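Worksheet: the structure to be examined is printed underneath.
The values are calculated or read from the model by the stated rules, or taken from the named source; none is laboratory data. Here the structure is a predicted model, which is why all the values come from computation and not from measurement. Here the Cβ positions follow ideal geometry from the backbone for every residue, glycine too, while neighbour counts run over all protein chains shown. Keep in mind that these areas ignore ligands, DNA and RNA; they rest on the heavy atoms of the full protein, side chains included. Shrake-Rupley method; radii C 1.70, N 1.55, O 1.52, S 1.80 Å.
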Amino acid sequence: MSEQFTRSNKVLDNHCHICFAQNIEESLSDYEKLFSELSISEAGLLSCPDADHCENGFDPTENIKVLYLKSRLSIPVYAYASFTWHFDKPAPYGDFAKEMLKMGFDGFKALTQHPRSRKNLGKGLSHPSFAGFFEVLDESGSTIVCHVGDPKSSWDISTASKSAIELGRVYGEGFLSLEELYGEMERVYKTYRNVNFILAHFYFMSGDINRVEKLLWDNSNVYLDLTPGGEMYVNFTKDPVKWREFFIKHQDRIILGSDNYAKGYGKGRYALARNFLEGSEPFPYSGGGEIIPISLPNDALKNICSGNVKRLIGNTPKEIDRKAAYEHCLFIKENLFDKLSPIQKENLDIITRYFK
């Protein structure tokens with residue numbers, strides 16, 4: 001893919017991860033190189049401790065790794081904490097939210113409404129046990145990035161993409177339907193109106209512009225994240241004129257993201273998103289065919305590529321409470337150390353010494 005983007009000088013990629021099993025110092029070095037190469041001036045780093053590509057499927061050190069990179073990286077980083085363990089009652093979830101905000105996290109990330117995570121956990125974000133968590137977020141006006149569902153085609157083996165089939169991301173018996181996942185999420189964002197909900201991957205609704213329009217009109221606390229799913233951009237290309245009008249009209253509700261990782265996975269997705277927003281000529285798509293860009297005006301690009309996150313969270317990321325971060329490291333060592341993999345133990349030692 002030829003990189004056409006040139007017009008957004010200040011870019012905040014608000015959907016980055018560090019889930020690969022990697023020495024934290026290597027992650028730091030790799031991210032410095034990646035952000036420089038892609039001209040990313042600020043980043044949103046999302047904790048994702050229970051993703052299927054984490055070592056052993058789970059990493060309880062993920063939050064503190066995110067906070068460490070926030071402290072060490074040379075560019076400003078907005079840090080998003082995620083659930084590293086789960087509770088049966090609301091109070092511990094509320095305590096978790098307070099602890100993360102005190103440590104210096106700028107917001108939260110939830111994979112809970114992902115089909116596989118939802119099945120494994122046995123409850124969604126609308127479950128009463130999460131009430132304490134959302135009450136804290138509602139009181140503080142906090143932001144949470146939520147992955148809800150997957151492409152609609154993933155519920156039908158005959159329409160699922162080749163990559164979805166290869167990765168086992170086709171959902172049948174035992175999984176909630178996409179509409180059931182939407183229903184649970186809707187109950188949450190309609191209940192906690194002072195929480196900013198960023199719905200990742202365009203909420204997997206790019207195939208229905210009228211439904212997305214209604215979603216935004218009816219819910220002023222809902223925002224859409226542009227992190228590919230390539231199917232999003234294929235759908236946008238089906239009616240680029242109409243979607244360009246949509247993006248301009250709702251430029252204050254859309255946020256740039258890429259799924260960038262320290263090791264470089266995500267660079268193509270980042271180029272896809274920015275070429276679509278900024279380019280003027282059709283460009284080839286790795287999944288086949290071409291993507292027609294929408295060449296947004298500069299004011300819309302400024303909002304989508306950085307301004308909206310700053311308006312929601314602040315012009316600069318929050319300060320880190322180093323004492324609280326150190327105490328969190330000690331908690332993991334005292335309670336979860338035996339469950340950590342060798343690289344997780346190594347990273348925890350490095351981070352504990354840093355925050356001490």
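Has the range 122-139 got any residue that is touching a residue at least 12 places away in the same chain (Cβ under 8 Å), small (Gly, Ala, Ser) and under 24 Å from Lys65 (Cα atoms)?
No.
Could you please let me know if Tyr203 is surrounded by 16 or more Cβ atoms within 10 Å (Cβ to Cβ), out of contact with any Lys or Arg (no Cβ under 6 Å at 6 or more places or on another chain) and either of a type in the set (Asp, Glu) or farther than 27 Å from Lys267 by Cα (or both)?
Taking the combined requirement at face value, the residue does not satisfy it.
From the list Ile248, Ile304, Ile292, exactly one residue is among the β-branched types (Val, Ile, Thr), modelled with pLDDT of 95 or more and open to solvent by less than 20 Å² (accessible area, probe 1.4 Å). Which is it?
Ile304
Taking helices (runs of 4 or more DSSP H) that fall entirely within the range 150-229, which contain at least 2 residues that are without any contact (Cβ under 8 Å) to a residue 12 or more places away in the chain and under 20 Å from Arg116 (Cα atoms)?
The helices (runs of 4 or more DSSP H) meeting that bar are 162-166, 178-191.
Is at least one residue of the range 255-277 among the basic types (Lys, Arg), more than 24 Å from Ser126 (Cβ to Cβ) and open to solvent by less than 40 Å² (accessible area, probe 1.4 Å)?
yes
Please go through (1) surrounded by 18 or more Cβ atoms within 10 Å (Cβ to Cβ); (2) over 19 Å from the mean Cα position of the chain (by Cα); (3) closer than 27 Å to Tyr270 by Cβ for Tyr192 and return the number of the only condition it doesn't satisfy.
Among (1) surrounded by 18 or more Cβ atoms within 10 Å (Cβ to Cβ); (2) over 19 Å from the mean Cα position of the chain (by Cα); (3) closer than 27 Å to Tyr270 by Cβ, Tyr192 violates only (3).
Does Leu125 qualify as being more than 21 Å from Tyr31 (Cα to Cα), of a type in the set (A, V, I, L, M), in contact with an Asp or Glu (Cβ under 8 Å, 6 or more places away or on another chain) and part of a loop (DSSP other than H, G, I, E, B)?
Yes.
Would you tally the residues in the range 186-211 being over 19 Å from Ile254 (Cβ atoms) and not β-branched (Val, Ile, Thr)?
So the answer is 6.
Could you check Pro317 against (1) touching a Phe, Trp or Tyr at 6+ places or on another chain (Cβ under 9 Å); (2) in a helix (DSSP H, G or I); (3) not small (Gly, Ala, Ser) and say which number it fails?
Condition not satisfied by Pro317: (2).
With farther than 30 Å from Leu296 by Cα and either hydroxyl-bearing (Ser, Thr, Tyr) or in contact with a strand residue (DSSP E or B) (Cβ under 9 Å, 6 or more places away or on another chain) (or both) as the only criterion, which of Val212, Val188, Val222 stands out?
Val188
Filter the range 312-338 down to the residues that are surrounded by 12 or more Cβ atoms within 10 Å (Cβ to Cβ) and charged (D, E, K, R) and list them by number.
Lys318, Asp321, Arg322, Lys323, Glu327, Lys333
Can you tell which of Gly57, Gly104, Gly94, Gly44 is on the phi > 0 side of the Ramachandran plot and modelled with pLDDT of 95 or more?
Exactly one residue qualifies, and that residue is Gly104.
I'd like to check something: does the range 249-269 contain any residue that is more than 24 Å from the chain's Cα centre (by Cα) and either part of a loop (DSSP other than H, G, I, E, B) or β-branched (Val, Ile, Thr) (or both)?
No; the residues of the range 249-269 include none that is more than 24 Å from the chain's Cα centre (by Cα) and either part of a loop (DSSP other than H, G, I, E, B) or β-branched (Val, Ile, Thr) (or both).
For the range 230-243, name all the residues that are open to solvent by less than 70 Å² (accessible area, probe 1.4 Å) and in a helix (DSSP H, G or I).
If the condition is that a residue be open to solvent by less than 70 Å² (accessible area, probe 1.4 Å) and in a helix (DSSP H, G or I), then Gly230, Glu231, Met232, Tyr233, Val234, Asn235, Phe236, Thr237, Pro240, Trp243 are the ones that fit.
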